[in-house]
Amino acid sequence: ELKISNTPHLSMASQDNVSRSEAPNASDSHIALTKVHGLIRRSSNYNTQRINHIYVDPHNANKARMKLHYADLSDASSLRRWLDVIKPDEVYNLAAQSHVAVSFEIPDYTADVVATGALRLLEAVRSHMADNGRNIKYYQAGSSEMFGSTPPPQSETTPFHPRSPYAASKCAAHWYTVNYREAYGLYACNGILFNHESPRRGENFVTRKITRALGRIKVGLQTKLFLGNIQASRDWGFAGDYVEAMWLMLQQEKPDDYVVATEESHTVEEFLEVPTEVDNLKGDASKAKEALKWKPKVGFEQLVKMMVDEDLEMAKREKVLVDAGYIDAQQQP
């Protein structure tokens, strides 16, 4: 069984008869699993829109391969309880308060969920294994933000220099994972992933903010787009490719830590222009390429086009509602 998690929630799944699709598509993951159990935070509003394309009502037992359960990284008892119930073979901790700027405004919460939350989950996995005589493989989602001001290209041996509460918390989670691997012999891997995008990226992140605005401007729902530092440079890859790398990490004979990146760096301004040339290197994913036999399938231009096309279709649907008087388009400049 497998445990996967997303920014607003944590999830679990089972790994019998795992298969992979070689052709990339709009899905963030190309790995087919027989069962998935998602641990989600309770909210007064539905916040699972990004998994609607794969969610089937669990009452439809023949088609439902994913179930959602309430839990939280701030609640150790809920993590242990669902481990005991689901009995996963693999655990993927992707949950976090992942907005860098917001982490300065809510640093205590960020540290509690991102850093201590990872520790709670690791301890839940360790104690479950000890009490039940089972083996579990654990994946911890790291972040390129951990490198902070360290000059690129950045690899597994590059020193961390975090510049935000979020990044510092991710560093703590990274070393907790290493500690549990060395102290308890836990099969635990850190994946240090550079920015990974898709049409399902949250709208408060700059890439999606750009593509969402482009779609709305094209259909006449918006006239301007406000951005900060357009010279900021990032290594952007397709989330589906990166999820495959996560899965490959846990299929190796021994646990290890890996940087996952496209090895291309682009500025926000270039994202707006969709360039044709590589500017410079950012992440160094040579270890993942050699050990995991992994390489990204979706290039930068293809990624941007994928996101723009999806948001243009969304803007067209929104335009229909605006023209019919159901919503107000003046929410944006």
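Filtered by the rule that a residue be outside any helix (DSSP H, G or I) and at negative phi, the stretch 164-191 gives Ser164, Leu186, Tyr187, Ala188, Cys189, Asn190, Gly191. Here Ala167, Ala172, Ala183, Ala188 are screened, and the one residue that is under 26 Å from Ala124 (Cβ atoms), touching a residue at least 40 places away in the same chain (Cβ under 8 Å) and open to solvent by 10 Å² or more (accessible area, probe 1.4 Å) is Ala172.
So that you can scan it fast, the table gives a plain yes or no per residue for (1) over 19 Å from His37 (Cβ atoms); (2) in contact with a Leu (Cβ under 8 Å, 6 or more places away or on another chain); (3) open to solvent by 10 Å² or more (accessible area, probe 1.4 Å):
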position	(1), (2), (3)
Leu79	no, yes, no
Asp84	no, no, yes
Asn93	no, yes, no
Gln97	yes, no, yes
Ala101	yes, no, yes
Pro107	yes, no, yes
Thr110	yes, no, no
Asn135	no, no, yes
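Residues of the stretch 112-127 that are small (Gly, Ala, Ser), more than 13 Å from Thr177 (Cβ to Cβ) and crowded, with 17+ Cβ neighbours inside 10 Å: Ala124 alone. Taking the criterion of being among the small types (Gly, Ala, Ser), surrounded by fewer than 21 Cβ atoms within 10 Å (Cβ to Cβ) and more than 18 Å from the chain's Cα centre (by Cα), would at least one residue in the stretch 55-63 satisfy it? Yes, the stretch 55-63 contains a residue that is among the small types (Gly, Ala, Ser), surrounded by fewer than 21 Cβ atoms within 10 Å (Cβ to Cβ) and more than 18 Å from the chain's Cα centre (by Cα). Counting residues in the stretch 228-236 that are open to solvent by less than 20 Å² (accessible area, probe 1.4 Å) and either assigned to a helix (DSSP H, G or I) or at pLDDT 90 or above (or both) gives one or more.
Which of the following residues is touching a Lys or Arg at 6+ places or on another chain (Cβ under 6 Å), of a type outside the set (Phe, Trp, Tyr), at pLDDT 95 or above and under 27 Å from Leu186 (Cβ atoms): Ala76, Ala111? Can you show your working first?
Numbers: Ala111 fails: touching a Lys or Arg at 6+ places or on another chain (Cβ under 6 Å).
Residue meeting the stated conditions: Ala76.
Would you be able to say whether some residue in the stretch 259-274 is at pLDDT 95 or above, at negative phi, buried (at least 20 other Cβ atoms within 10 Å of the Cβ) and in contact with a Cys (Cβ under 8 Å, 6 or more places away or on another chain)? The answer is no, given that none of the residues of the stretch 259-274 is at pLDDT 95 or above, at negative phi, buried (at least 20 other Cβ atoms within 10 Å of the Cβ) and in contact with a Cys (Cβ under 8 Å, 6 or more places away or on another chain). Restricting to the stretch 178-212, name every residue that is closer than 16 Å to Tyr138 by Cβ and among the basic types (Lys, Arg). Result: Arg181, single match.
Being surrounded by 23 or more Cβ atoms within 10 Å (Cβ to Cβ), out of contact with any Phe, Trp or Tyr (no Cβ under 7 Å at 6 or more places or on another chain) and of a type outside the set (Val, Ile, Thr) narrows it down to one residue among Ser198, Ser149, Ser143; which is it?
Values: Ser198 fails: out of contact with any Phe, Trp or Tyr (no Cβ under 7 Å at 6 or more places or on another chain); Ser149 fails: surrounded by 23 or more Cβ atoms within 10 Å (Cβ to Cβ).
Criteria check complete, one pass: Ser143.
Between a first residue in the stretch 152-163 that is at negative phi and a second residue that is open to solvent by 50 Å² or more (accessible area, probe 1.4 Å) and in a loop (DSSP other than H, G, I, E, B), which pairs have beta carbons less than 8 Å apart while being 6 or more apart in sequence or on different chains? Between residues of the stretch 152-163 that are at negative phi and residues that are open to solvent by 50 Å² or more (accessible area, probe 1.4 Å) and in a loop (DSSP other than H, G, I, E, B), the close pairs are Pro152/Leu281; Pro153/Leu281; His161/Ser149; Arg163/Ser149.
The values are calculated or read from the model by the stated rules, or taken from the named source; none is laboratory data. Just so you know, these numbers come straight off a predicted model, no measurement behind them. Heads up, the Cβs are rebuilt from the backbone with ideal geometry, glycines too, and the neighbour counts pull from every protein chain shown. To get the accessible areas, we keep the full protein, side chains included, count just its heavy atoms, and leave off ligands, DNA and RNA. Shrake-Rupley method; radii C 1.70, N 1.55, O 1.52, S 1.80 Å.
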